[in-house]
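Working notes for the structure below.
The values are calculated or read from the model by the stated rules, or taken from the named source; none is laboratory data. Bear in mind the structure is a predicted one, so any value in this text is a computation, not a measurement. Positions of Cβ are generated from backbone atoms using ideal geometry, with glycine treated the same way; all protein chains shown enter the neighbour counts. In case anyone asks, the SASA skips ligands and DNA or RNA and just uses the protein heavy atoms, side chains included. Shrake-Rupley method; radii C 1.70, N 1.55, O 1.52, S 1.80 Å.
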Amino acid sequence: AAGRASAEGGGSPDPAPSPRARVKRQGSLDGLLPTSPPSKPLSSGGDASALALPSACGGASQLEPAIRALLGQSPSLAHEVYSRLPPLQKLGLLRVLVDGACDSPHTAKAVDEAMARRRGVLEREEEAEKEKKRETRTLRDEARHALREQLAEQREAAGEEGEQLLPAEVTEVAVSLEVQKRQEALACGGQVEVLSREALQQAESDLAIELELQAANGIDSDGRDFSAADLEGIVARRDLIKHRRDTFGPARDAAQEGLRAAASSGDAAAMEAALEAARAAALEGDCDEDGIG
């Protein structure tokens with residue numbers, strides 16, 4: 001009745017009491033303490049201690065004095081009061097706060113967003129894997145087609161003897177080797193030719209002789225005279241190729257052994273060092289720069 005009279009008299013209704021005011025007026029914490037365990041376990045592993053944490057901390061008998069002590073002081077002293085609480089009461093309070101946070105819409109939204117991001121990552125990884133498989137399948141089909149054309153040309157060039165000696169169909173082993181060769185070419189940014197040490201040595205000798213003739217004659221293949229700058233470049237290339245051919249043998253032997261050892265060890269750092277040594281020994285090169293390959 002007093003409440004109605006106050007409202008009818010133009011006054012505002014009494015504001016809802018704060019938790020601290022309710023404790024002081026009622027002397028009970030029943031409305032503040034959890035009445036039942038959370039509907040969802042916080043531990044997916046089924047840990048019994050995680051589910052029974054409030055009971056392990058003494059239940060309401062431990063939480064009520066802790067909450068009463070915190071709410072009975074001014075907010076500025078809350079940290080000091082909390083620091084003096086027994087460990088079990090602190091743990092119980094934290095469990096109540098965690099339960100409340102897990103039941104909040106903000107937490108549910110955060111979990112949904114995290115799951116959506118995870119699904120997005122998995123979908124992108126799955127799509128990338130499918131694309132990789134499609135590229136590999138396309139590369140194998142192209143390699144198989146090229147090898148079949150090459151085999152047909154070889155059989156046609158060899159005539160009847162070729163039909164007897166050469167296989168009638170391309171084998172999957174040959175396709176795999178061709179795919180590997182094409183993948184290496186793509187990794188190097190273009191066409192790649194693999195030479196044996198003997199072939200590399202012969203290519204360097206042939207190029208050195210060709211450059212020597214050009215430097216001596218002073219004319220190109222069309223009979224035109226080289227300019228002074230062109231002739232100087234030819235002499236420099238000739239000297240470089242001759243130096244590689246005549247002095248790089250021991251360095252190349254060591255680089256080959258280093259590559260074998262690094263490949264056997266599986267150590268990425270060792271492999272990188274071995275590749276650097278191989279490049280320094282001119283076991284890897286660019287045809288546009290040195291004319292070999």
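To make sure I understand the rule: partners must be aspartates and glutamates, Cα under 16 Å from the Cα of Lys242, and not fewer than 8 residues away in the same chain. Which ones qualify?
In chain and number order, the partners are Glu198, Glu204, Asp206, Glu210, Glu212, Glu232, Glu289, Asp290.
Roll a 1.4 angstrom probe over the protein heavy atoms and tell me the percent of accessible area of segment 188-237 that is carbon or sulfur.
51 percent
Rounded to whole Hz and in sequence order, give me ³J(HN,Hα) for segment 141-155 from the Karplus expression 6.51 cos²θ - 1.76 cosθ + 1.60, θ = phi - 60°, writing x for Gly and Pro.
5, 5, 5, 4, 5, 5, 5, 5, 5, 5, 5, 5, 5, 5, 5
Mind listing the long-range amide H neighbours of Ile219? Cut-off is under 5 Å, sequence gap 5 or more, other chains count too, H placed in the peptide plane at 1.01 Å from N.
Result for Ile219 returns Phe226.
Would segment 72-159 count as rounded, prolate or oblate if I go by the C-alpha gyration tensor, calling it rounded below 1.5 in a/c and otherwise prolate when a/b exceeds b/c, oblate otherwise?
In terms of gyration-tensor shape, prolate.
Give a residue-ordered list of calculated ³J(HN,Hα) values for segment 246-253 (Karplus: 6.51 cos²θ - 1.76 cosθ + 1.60, θ = phi - 60°; whole Hz; x for Gly, Pro).
Those phi angles translate into 8, 10, 8, x, x, 5, 6, 4 Hz.
To the nearest 0.05, how large is the calculated FRET efficiency for Ser221 and Glu127 if R₀ is 45 Å and r is the Cβ-Cβ distance?
After rounding to 0.05, the efficiency reads 0.30.
Set the Förster distance to 41 Å, then compute FRET efficiency between Asp141 and Cys102 from the Cβ-Cβ distance, nearest 0.05.
0.15
Once both labels are modelled 7 Å past Cα along the beta-carbon direction, what's the Ala269-Leu177 spacing in nm?
Calculated label separation equals 3.7 nm.
Take the Cβ-Cβ distance between Glu212 and Met115 as r, set R0 to 51 Å, and report the resulting FRET efficiency rounded to the nearest 0.05.
Efficiency, rounded to the nearest 0.05: 0.10.
On full extension of the chain, what length is gained from Ala228 through Lys90, given 0.36 nm per residue of separation minus the C-alpha to C-alpha distance?
Gain on extension, Ala228 to Lys90, equals 40.7 nm.
Each residue of segment 84-97 in turn: what ³J(HN,Hα) in whole Hz from Karplus with 6.51, -1.76, 1.60 and θ = phi - 60°, glycine and Pro shown as x?
Calculated HN-Hα couplings, in order: 8, 6, x, x, 5, 5, 4, 5, x, 4, 4, 5, 5, 5 Hz.
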